[in-house]
1. Applying the selection to the stretch 37-64, what residues are in contact (Cβ under 8 Å) with a residue 24 or more places away in the chain and not basic (Lys, Arg)?
2. Return a yes/no flag: does the stretch 17-36 have any residue that is in contact with a helix residue (DSSP H, G or I) (Cβ under 9 Å, 6 or more places away or on another chain) and in contact (Cβ under 8 Å) with a residue 24 or more places away in the chain.
3. Wholly within the chain, which helices (runs of 4 or more DSSP H) include no fewer than the required count, namely at least 2 residues that are at pLDDT 80 or above?
4. Quick one: would you say Asn51 is over 14 Å from the mean Cα position of the chain (by Cα) and either at positive phi or surrounded by 11 or more Cβ atoms within 10 Å (Cβ to Cβ) (or both)?
5. Residues being within 13 Å of the chain's Cα centre (by Cα) and not aliphatic (A, V, I, L, M): count how many of those fall in the stretch 5-32.
6. Here is a list of conditions, (1) surrounded by 12 or more Cβ atoms within 10 Å (Cβ to Cβ); (2) within 16 Å of Gln6 (Cα to Cα), and Thr33 meets all of them except one; can you say which number that is?
7. Filter the stretch 54-67 down to residues that are farther than 15 Å from Arg11 by Cβ and either surrounded by 12 or more Cβ atoms within 10 Å (Cβ to Cβ) or of a type in the set (Asp, Glu) (or both) and give me whichever is nearest to the chain's Cα centre (by Cα).
Amino acid sequence: MRWFDQPISARGPWTYDVRNMYNELRHFPFVRTRVEGLALHDAVREIIDENLRLQDSERHCELHERAAAYFENDWKK
């Protein structure tokens with residue numbers, strides 16, 4: 001994903017406090033604040049994406065499909 005906010009983060013598989021995680025991410029130098037929420041630096045996002053694609057291609061496809069569905073539904077609202 002190019003960006004994420006707290007509601008998007010809350011849909012993840014984690015069991016910890018999303019608000020705290022989201023606020024902690026702001027401190028990393030590769031995280032940028034945008035109007036929509038937070039965004040990873042392009043190079044970091046691409047490295048993570050490529051690693052997931054190579055390590056678990058099924059999960060990679062699943063996450064891309066879920067992100068596309070989420071943003072398509074959000075766009076229609």
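1. Filtering the stretch 37-64 for residues in contact (Cβ under 8 Å) with a residue 24 or more places away in the chain gives 37-39, 45.
Residues satisfying the conditions are Gly37, Leu38, Ala39.
2. no
3. Values: elements: 6-10, 18-25, 42-55, 57-76.
Filter on the chain gives 18-25, 42-55, 57-76.
4. Values: over 14 Å from the mean Cα position of the chain (by Cα): yes; either at positive phi or surrounded by 11 or more Cβ atoms within 10 Å (Cβ to Cβ) (or both): yes.
When the stated conditions are applied, Asn51 passes them.
5. Of the stretch 5-32, the ones within 13 Å of the chain's Cα centre (by Cα) are 5-14, 18, 21-22, 25, 31-32.
Next, only the ones that are not aliphatic (A, V, I, L, M) stay: 5-7, 9, 11-14, 22, 32.
Selection size over the stretch 5-32: 10.
6. (1)
7. Of everything passing the filter in the stretch 54-67, His60 is nearest to the chain's Cα centre (by Cα).
The values are calculated or read from the model by the stated rules, or taken from the named source; none is laboratory data. Owing to the predicted nature of the structure, the values given are computational and were not obtained by experimental measurement. All Cβ positions, glycine included, derive from the backbone under ideal geometry; neighbour counts span all protein chains shown.
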